[in-house]
Amino acid sequence: MPLELVTQSPEETERLGGRLARILPDGAVVALFGDLAAGKTCLVRGMSRMFGASASVHSPTFTLVNRYGRDRMLYHLDLYRLSGAEELADLGYEELFEPDGVCVVEWAERADGLLPERRVEVRIEHAGQDVRRIRMQNHGALSTGWEDSLLRDE
């Protein structure tokens with residue numbers, strides 16, 4: 001059953017990303033779904049801080065993947081410019097699902113059939129001005145009690 005959350009600002013969306021990053025085990029894949037400017041990159045920006053990223057996070061639209069972190073890595077893929085899963089398969093995406101960190105995939109629908117079954121799906125929708133409706137569903141990637149960790153705004 002999905003967990004439904006609402007954020008009221010980009011800062012709240014970033015904080016949610018930080019809380020999510022804290023509970024993700026190494027090797028986890030996060031599949032992001034949402035329209036343009038829905039807040040996917042904002043969520044990733046919050047996640048990147050948990051990996052020690054100091055550079056500003058931006059959507060890797062022209063480079064396909066950005067890497068953040070030192071000891072533990074956050075791989076940030078943006079599949080917007082890909083035509084489909086075949087193109088991703090040709091790029092050797094498997095190495096990004098490594099145990100030294102977490103892989104976040106924007107426009108995950110373009111990787112249909114290639115993402116591991118064990119993952120977290122995050123769907124972000126506009127809900128007026130800066131408000132975002134966020135639905136998260138765990139497909140075996142998170143431990144029991146993950147919902148409580150995300151609901152606590154620390």
Check: Can you name every residue in segment 18-42 that is within 16 Å of Arg135 (Cα to Cα), charged (D, E, K, R) and part of a helix (DSSP H, G or I)?
Finding: Arg19, Lys40
Item checked: Among the residues listed as Ala89, Ala37, Ala85, the single one being over 18 Å from Gly101 (Cβ atoms), at pLDDT 80 or above and surrounded by fewer than 18 Cβ atoms within 10 Å (Cβ to Cβ) -> Ala37
Next item on the list: Out of the residues in segment 54-82 that are of a type in the set (A, V, I, L, M) and more than 15 Å from the chain's Cα centre (by Cα), state the one that is modelled with the lowest pLDDT.
Entry: Ala55
Next item on the list: List the number of the failed condition for Glu109; all other conditions in (1) under 16 Å from the mean Cα position of the chain (by Cα); (2) modelled with pLDDT under 80 hold.
Entry: (2)
Check: Could you list, in sequence order, the residues of segment 103-142 that are loosely packed, with under 13 Cβ neighbours inside 10 Å and either under 18 Å from Gly46 (Cβ atoms) or in contact with a helix residue (DSSP H, G or I) (Cβ under 7 Å, 6 or more places away or on another chain) (or both)?
Finding: Asp112, Gly113
Check: Do any residues in segment 4-17 that are in a loop (DSSP other than H, G, I, E, B) have Cβ atoms under 8 Å from those of residues that are hydrophobic (A, V, I, L, M, F, W, C), where the two are at least six apart or on different chains, and which pairs are they?
Finding: Gln8/Val131
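What number of residues within segment 124-141 satisfy the criterion of being touching a Pro at 6+ places or on another chain (Cβ under 8 Å) and either more than 18 Å from Gly34 (Cβ to Cβ) or not aliphatic (A, V, I, L, M) (or both)? Walk me through how you get there before you give the answer.
First, pick out the residues of segment 124-141 that are touching a Pro at 6+ places or on another chain (Cβ under 8 Å): 130, 135-137, 141.
This time we only want the ones that are either more than 18 Å from Gly34 (Cβ to Cβ) or not aliphatic (A, V, I, L, M) (or both), so: 130, 135, 137, 141.
Qualifying residue count, segment 124-141: 4.
Going by the structure shown, is Glu125 modelled with pLDDT under 85, charged (D, E, K, R) and touching a Lys or Arg at 6+ places or on another chain (Cβ under 9 Å)?
Values: modelled with pLDDT under 85: no; charged (D, E, K, R): yes; touching a Lys or Arg at 6+ places or on another chain (Cβ under 9 Å): yes.
Answer is no for this residue.
The values are calculated or read from the model by the stated rules, or taken from the named source; none is laboratory data. Being a predicted model, the structure only gives us computed values, none of them experimental. So basically every Cβ, Gly included, is an ideal-geometry build from the backbone, and we count neighbours across all protein chains shown.
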